[in-house]
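Asker: After the structure tokens below, expect a handful of questions from me.
Computed from the coordinates by the stated procedures, all read-outs in this text should not be read as laboratory data. None of these values were measured; they are calculated from a predicted model. When we count neighbours, we look across all protein chains shown, and the Cβ atoms used for this are built from the backbone with ideal geometry, even at glycine.
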Amino acid sequence: MLQRMTPKDYSEFWDRESTQFDSEDIYKHLSQIAPAEATLEVGCGAGWSTLSLARSRPVLAIDNNVHLIDLARSRLKNHGVTAEIVNSDLFEPSDELLKAITAFQPKVVVGWFIGSHPDDNDKRTPANLSIEEKPKVYRENVEDRLVDLPLCPASVEWVHTVQRGAVPPGVSEDQIKAGVTEEYNEYMLKNSGFTVTAVHVLAWNQGATFPYVQTPNPNLPPGKPTPVIVSVLARRMSNT
């Protein structure tokens with residue numbers, strides 16, 4: 001039975017899970033996919049992603065979970081790497097965040113492994129959704145904001161989003177890439193001026209500690225799916 005996590009519980013779970021990602025060089029790989037320019041990171045998490053990005057570019061990160069921010073700042077300090085982290089809700093940006101974005105003029109916006117604790121999911125998704133549906137809708141609501149003001153000013157040329165997934169038996173990598181490209185261009189990126197330029201499918205040794213919620217889909221073929229990480233890089237083609 002899933003435990004309803006508090007913000008602190010969530011930070012502790014995510015610290016363990018993201019530490020596994022780092023040990024498998026997933027953040028290193030993702031930071032090589034994202035263009036190495038001034039980067040606005042939406043969700044600093046426990047700091048492993050921020051650390052990986054900030055080793056090769058300026059980073060302005062935001063998060064609304066003070067426990068994760070504390071972990072991230074401590075991790076950066078321990079590794080001798082600097083990045084600015086602002087405590088703000090992205091759905092209701094603070095004046096501090098708005099000023100920071102204006103001064104920073106990001107070229108890249110990243111949103112990797114978007115998610116949050118149940119209180120956030122409940123607050124930012126319709127009340128009639130089931131617990132299985134809420135994380136996906138929450139992620140989609142955040143992704144929509146990655147390509148819109150104020151998180152995505154005119155200075156932004158690239159948007160990079162990454163999510164966990166599962167590949168049904170018999171589905172090829174080319175099929176995944178084609179489907180993801182079509183989905184993102186049709187929904188998240190529609191009328192944004194951005195278009196998908198690259199999709200990467202990475203192997204994922206799914207940890208046993210984090211209580212992932214999978215949305216049931218009766219249309220998928222039977223059999224055990226293979227966990228993967230899907231990276232979607234989009235480039236601005238026009239300002240709309």
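Asker: For mean projected area of the Cα convex hull in nm², one of (1) 15.2; (2) 12.8; (3) 13.7 was computed from the structure I shared and the rest are decoys. Which label?
Answerer: (2)
Asker: Among the DSSP beta bridges whose two residues both lie in the stretch 7-236, what percent are antiparallel, rounded to the nearest 5?
Answerer: 55
Asker: So if I place +1 on the C-beta of Lys and Arg and -1 on the C-beta of Asp and Glu, and nothing else carries charge, what would the dipole magnitude of the stretch 7-236 be about its Cα centre? I want it in debye, nearest 20.
Answerer: 440
Asker: Please list the helices of the chain that count as membrane-span-like by this rule: a mean Kyte-Doolittle hydropathy of at least -1.0 together with Cα atoms stretching 15 Å or more along the helix axis, each helix being a complete DSSP H run.
Answerer: Counting only whole DSSP H runs, the qualifying helices are 66-78.
Asker: Ranked by Cβ crowding within 10 angstrom, fewest neighbours first, how are 82, 125 ordered?
Answerer: In order of increasing Cβ crowding within 10 Å: 82, 125.
Asker: Determine, at each q value in 0.15, 0.26 (inverse angstroms), the log₁₀ of I(q)/I(0) that the Debye formula gives when each Cα of the stretch 27-110 is one equal point scatterer.
Answerer: -0.47, -1.34
Asker: Dipole of the stretch 7-236 (Lys/Arg Cβ +1, Asp/Glu Cβ -1, origin at the Cα centre): which of 180, 81, 114 lies farthest to the positive side?
Answerer: The residue sitting farthest along the positive end of the dipole is 81.
Asker: Principal axes first, then extents: for the Cα atoms of the stretch 79-157, list largest minus smallest coordinate on each axis, whole Å, largest first.
Answerer: Largest to smallest, the principal-axis extents are 40, 32, 23 Å.
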